[in-house]
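Peer 1: My questions all concern the structure below.
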């Protein structure tokens, strides 16, 4: 396969809240790719103190092809990604997360479209991958859409930073934003890319499994912030387009969000049950967890509508350790 030179960037921002063994599993999955990871110009692990030194040392000893980049405490998720991109040398920059698993054909599927010069952004499809009733509930409630039925590349208005590749020139022209009053910035970045004339392609063959929230606090705040971003990010995009005050616009955005969530929840339920029919037996146990996740998203959405600054100020520091959300410069927010 002829592809441009590439680099892989992994960050550790989520690992303070996830199972630390997940990092080794992520690296092991990269080591087993059909496109050898040794073809990468470099594989960079960007860390800002979220992972204990002992864990990092063991991971680097087990996978010596990984190069560590140390960044100051408080460096957020998107900033870690961009720092890794700036330190890399490949024409294409592949972003992965330290709490995801990547099947053997993932890297090849993600990079193969770049053999065409016109392709500049390719995102894969990610889903929560966890067993039992908890995993089923979280997979349905999470913000990752259901896997598409597409058999080839298709256009999209979004991507996930745990499973995407960019030509370096794209990131130089439209860098991933940070220090905005939301939890994750990929939605803002996707809107900026589309406004700049870029096409976001999705590759259904590049699928990744994401870890479920680990622990009660992580579960509660992750779904609150998911609902928060659901209303705040579209408002920030509208504000940048100078249309935040348009009559009825917020109502339209809220209805669109609810419709999208309901459609995707139903699609994800059908998908996971079709893949493993025995999961129907765990559905009664998953329903209370799913209801809690939906309620938490509702709390976050309401807070995003009426008191976004108060919510961001209330989020515990360990939750925001992987974020670059900013209370200052809250254009379009109260």
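Please treat every number below as a calculation from the coordinates, not as lab data. Just so it is clear, the structure is predicted and the values come from calculations on it, not from any experiment. Counting neighbours? That spans all protein chains shown, and the Cβs are built from the backbone with ideal geometry, glycine included.
Peer 1: Using only the Cα atoms of region 156-238, build the gyration tensor, take square roots of its eigenvalues as a ≥ b ≥ c, and label the shape rounded, prolate or oblate: rounded if a/c is under 1.5, else prolate if a/b is larger than b/c, else oblate.
Peer 2: oblate
Peer 1: Rank 113, 72, 308 by mean-square fluctuation in a GNM of the chain with C-alpha springs under 10 angstrom and give only the top-ranked residue.
Peer 2: So, out of 113, 72, 308, the one fluctuating most is 72.
Peer 1: With a 10 Å radius around each residue's Cβ, average the other Cβ atoms per peptide and rank 271-278, 115-122, 140-147, 158-165, highest first.
Peer 2: 158-165, 140-147, 115-122, 271-278
Peer 1: Taking the Cα-to-Cβ direction at residue 199 and at residue 34 and moving 7 Å from each Cα, how far apart do the two end points lie in nm?
Peer 2: 2.4
Peer 1: Further question: For 11, 54, 79, what's the fewest-to-most ordering of other Cβ within 10 Å of each Cβ?
Peer 2: Result, fewest neighbours first: 54, 79, 11.
Peer 1: What number, rounded to the nearest 500 deg cm²/dmol, is the helix-based mean residue ellipticity at 222 nm of the chain, given -39500 (n - 2.57) per DSSP H run of at least four residues and division by all its residues?
Peer 2: When only DSSP H runs of four or more count, the value is -14000 deg cm²/dmol.
Peer 1: Here's a follow-up. Considering all projection directions equally, how large on average is the shadow of the alpha-carbon convex hull of the chain, in square nanometres?
Peer 2: For the chain, the mean projected area of the Cα convex hull comes to 16.1 nm².
Peer 1: Could you tell me which of rounded, prolate or oblate describes region 217-320, using a ≥ b ≥ c as the square roots of the eigenvalues of the alpha-carbon gyration tensor, with rounded for a/c under 1.5 and, failing that, prolate when a/b is larger than b/c and oblate otherwise?
Peer 2: Judged from the Cα gyration tensor, region 217-320 comes out oblate (a/c at least 1.5, b/c at or above a/b).
Peer 1: Given R₀ = 51 Å, FRET efficiency for residue 255-residue 60 by Cβ-Cβ distance, to 0.05?
Peer 2: My answer for the efficiency is 0.55.
Peer 1: Work out how much length residue 5 to residue 87 would gain on full extension: take 0.36 nm times their residue separation and subtract the Cα-Cα distance, in nm to one decimal.
Peer 2: 28.1 nm is the gain from fully extending residue 5 to residue 87.
Peer 1: Taking every DSSP beta bridge with both residues inside the chain, roughly what % is antiparallel (nearest 5)?
Peer 2: Within the chain, antiparallel bridges account for around 40 percent of the total.
Peer 1: Can you tell me the order of 298-304, 129-135 when each peptide is scored by its average per-residue count of other Cβ atoms within 10 angstrom, highest first?
Peer 2: Going from most to least packed, we get 298-304, 129-135.
Peer 1: Would you list 97, 47 from fewest to most Cβ contacts within 10 Å?
Peer 2: Listed from fewest to most nearby Cβ atoms, that is 47, 97.
Peer 1: What is the distance, in nm, between label points placed 7 Å from the Cα along the Cα-to-Cβ direction at residue 68 and at residue 291?
Peer 2: 4.7
Peer 1: May I pose another question? How high is the relative contact order of region 217-320, in percent, with contacts defined as C-alpha pairs under 8 Å that are six or more residues apart?
Peer 2: With pairs under 8 Å counted, the relative contact order is 57 percent.
Peer 1: Restricting to bridges with both residues inside region 1-94, how much of the DSSP beta-bridge set is antiparallel, in percent to the nearest 5?
Peer 2: Bridges in region 1-94 that DSSP calls antiparallel: roughly 0 percent.
Peer 1: Order by neighbour count: 261, 221, fewest other Cβ atoms within 10 Å first, most last.
Peer 2: 261, 221
Peer 1: For Cα pairs less than 8 Å apart in space and 6+ apart in sequence, what is the mean separation divided by the residue count of the chain, i.e. the relative contact order in percent?
Peer 2: Averaging sequence separation for qualifying contacts and normalising by length gives 23 percent for the chain.
Peer 1: Compute the length gained on full extension between residue 151 and residue 266: take 0.36 nm times their separation in residues and subtract their Cα-Cα distance, giving the result in nm to one decimal.
Peer 2: Result for the pair: 39.3 nm of gain on full extension.
Peer 1: Pull out a ≥ b ≥ c, the square roots of the eigenvalues of the alpha-carbon gyration tensor of region 122-270, then state rounded if a/c is under 1.5, prolate if not and a/b is larger than b/c, and oblate in the remaining case.
Peer 2: In terms of gyration-tensor shape, oblate.
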